[in-house]
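For reference, the structure discussed in these notes is given below.
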Amino acid sequence: MRVGIDAIAIAVPHRYIALEDLARARGVDPAKYTHGLGGLEMAVAEPGEDTVALAAQAARRVLTGYDPQKLGLLVVGTETGVDHSKPVSSFVQGLLDLPQTLRVYDTQHACYGGTAALMAALDWIASGAADGRSALVICSDIARYGLHTPGEPTQGAGAVAMIISRDPDVLSIDVGISGTASIHVHDFWRPLGQREAQVDGHYSVQCYLDALGVAFAGWKQRASLRGIDSLARVCYHVPFCKMAKKAHAHLFGDVDYDAGAALHLNARIGNIYTGSLYLSLASLLSAQAAELVGSRIGMFSYGSGCTSEFFSGVVGPRAVERTADLADVLAHRERISVGEYERIMALTEPLPRNGGEVRFTGVVDQRRQYASS
Ligand code: COA
């Protein structure tokens, strides 16, 4: 049975800053951020654009023209949920008025949470438990390290929503040949009650590369038993764009990673944690789907802490039309100053209006409220 990604959509905050501006404000050579880390711009979410609002917007887009009655599962991968108990997926189900017959839950393991959701959906369909139904998988996060930290230029926010089904149009996943690697490390974590992540940055880069080596070896061994021995492209988890180049060099000794295609959205949105790998896939396909139809793509997902997975898939026959407008997500954003960014980062209450289709409006009677237009 062929199973994989049938449709993909993205949602990002309304505002962004240029990393050049941030570098100047911090007294840093802009080339460190633009070449050393590889970014150009960074999405800035105000409190109204929370993880739920971004997830719901991305889901609404991916479901446009799709009959929700065909869904049987909704899973959100996130590491920046809004409640210790009630999952983001539950809010999304309500906001989009999705069927009450759905199985609904969140998955968490740092930036791997979205891949955990994807794998659960693939297994559910491949096992036959789906009984012909499809799954809605959403990766949604607000990446925050705080002002004046080394991680500051590697923040961002956004959501990627995907419909997972049989006979997928975008990417047919090679089920059963993933390689995985996990080890208990403190490279990145976020204690309860803190909005900003703690990170041992350089150590996290090393943990990522170590996990990549083990996961890739596992994939390669299983892939070779099926006669699969080459990949046309590889997409990586992208906490910052240079990381994907380091990863590619680590595996292939080839420092000439085709960054333009696989990273152009990441470079302008920043880190979106769980969705970063899928944002890279969206970048790649929005730029090169036509030449990649029928080609096999490698995918590496890494979640600090850590766990990771290397898997692969073949680009589907309708990937071109399904991914052509993904880059439009950048069209209606507003560039703000570093001063405005700093003001927004300090806010705890949502701005009155933010232009988003779905927005968090505040807490009433200890219940989070959302408006949808
Ligand atoms: N021009 C061009 N490049 C420059 C530069 C300049 N003026 N100054 C520095 N650089 C380069 C460095 O050589 C380095 O590149 P390299 O890694 O290829 O050698 C890069 O810019 C970053 O410089 P560095 O001094 O290592 O930055 P840093 O110590 O301030 O922090 C991170 C970098 C990634 C550790 C930090 O941003 C962070 O903690 N990010 C969050 C954690 C994360 O994303 N982890 C990834 C795994 S999940």
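Kindly list the number of the only condition in (1) surrounded by 15 or more Cβ atoms within 10 Å (Cβ to Cβ); (2) among the aliphatic types (A, V, I, L, M); (3) within 14 Å of the ligand (Cβ to nearest atom) that fails for Val214.
(3)
Could you tell me which residue of segment 175-202 is surrounded by the most Cβ atoms within 10 Å (Cβ to Cβ), considering only residues that are over 25 Å from Met243 (Cα atoms) and more than 16 Å from the ligand (Cβ to nearest atom)? Step through it out loud before you land on a result.
Here is the first cut: in segment 175-202, the ones over 25 Å from Met243 (Cα atoms) are 175-176, 192-194.
Applying the additional criterion that residues be more than 16 Å from the ligand (Cβ to nearest atom) yields 175-176, 192-193.
Working: Val175: 17, Gly176: 10, Leu192: 5, Gly193: 6.
Among them, the one singled out is Val175.
Does Gln57 meet the test of being free of Cβ contacts under 8 Å to residues at least 40 places away in the same chain and either in a strand (DSSP E or B) or not small (Gly, Ala, Ser) (or both)?
Values: free of Cβ contacts under 8 Å to residues at least 40 places away in the same chain: no; either in a strand (DSSP E or B) or not small (Gly, Ala, Ser) (or both): yes.
No; evaluated as a whole, the condition is false for this residue.
Somewhere in segment 229-238, is a residue more than 16 Å from the ligand (Cβ to nearest atom), within 19 Å of the chain's Cα centre (by Cα) and either surrounded by fewer than 23 Cβ atoms within 10 Å (Cβ to Cβ) or of a type in the set (Val, Ile, Thr) (or both)?
Start the filter on segment 229-238 by keeping residues that are more than 16 Å from the ligand (Cβ to nearest atom), which leaves 229-234.
Now narrow it down to the ones that are within 19 Å of the chain's Cα centre (by Cα): 233-234.
Retained after the next criterion (residues that are either surrounded by fewer than 23 Cβ atoms within 10 Å (Cβ to Cβ) or of a type in the set (Val, Ile, Thr) (or both)): 233-234.
Yes - at least one qualifying residue is present in segment 229-238.
Tell me, which residue of segment 219-228 that is in contact (Cβ under 8 Å) with a residue 12 or more places away in the chain and part of a loop (DSSP other than H, G, I, E, B) is farthest from the ligand (Cβ to nearest atom)?
Arg226
Can you pull out the residues in segment 319-365 that are at pLDDT 90 or above, in a loop (DSSP other than H, G, I, E, B) and of a type in the set (Lys, Arg)?
Arg333
In segment 88-117, which residues are among the small types (Gly, Ala, Ser), part of a helix (DSSP H, G or I) and crowded, with 21+ Cβ neighbours inside 10 Å? I'd like the intermediate steps shown before the answer.
Here is the first cut: in segment 88-117, the residues among the small types (Gly, Ala, Ser) are 89-90, 94, 110, 113-114, 116-117.
When the remaining residues are screened for being part of a helix (DSSP H, G or I), the result is 89-90, 94, 113-114, 116-117.
Correct list: Ser89, Gly113, Gly114, Ala116, Ala117.
Only one residue in Ser276, Ser308, Ser301, Ser286 is assigned to a helix (DSSP H, G or I) and either among the aromatic types (Phe, Trp, Tyr) or within 16 Å of the ligand (Cβ to nearest atom) (or both). Which one?
After ruling out the rest, the residue left standing is Ser276.
The values are calculated or read from the model by the stated rules, or taken from the named source; none is laboratory data. Bear in mind the structure is a predicted one, so any value in this text is a computation, not a measurement. When we count neighbours, we look across all protein chains shown, and the Cβ atoms used for this are built from the backbone with ideal geometry, even at glycine.
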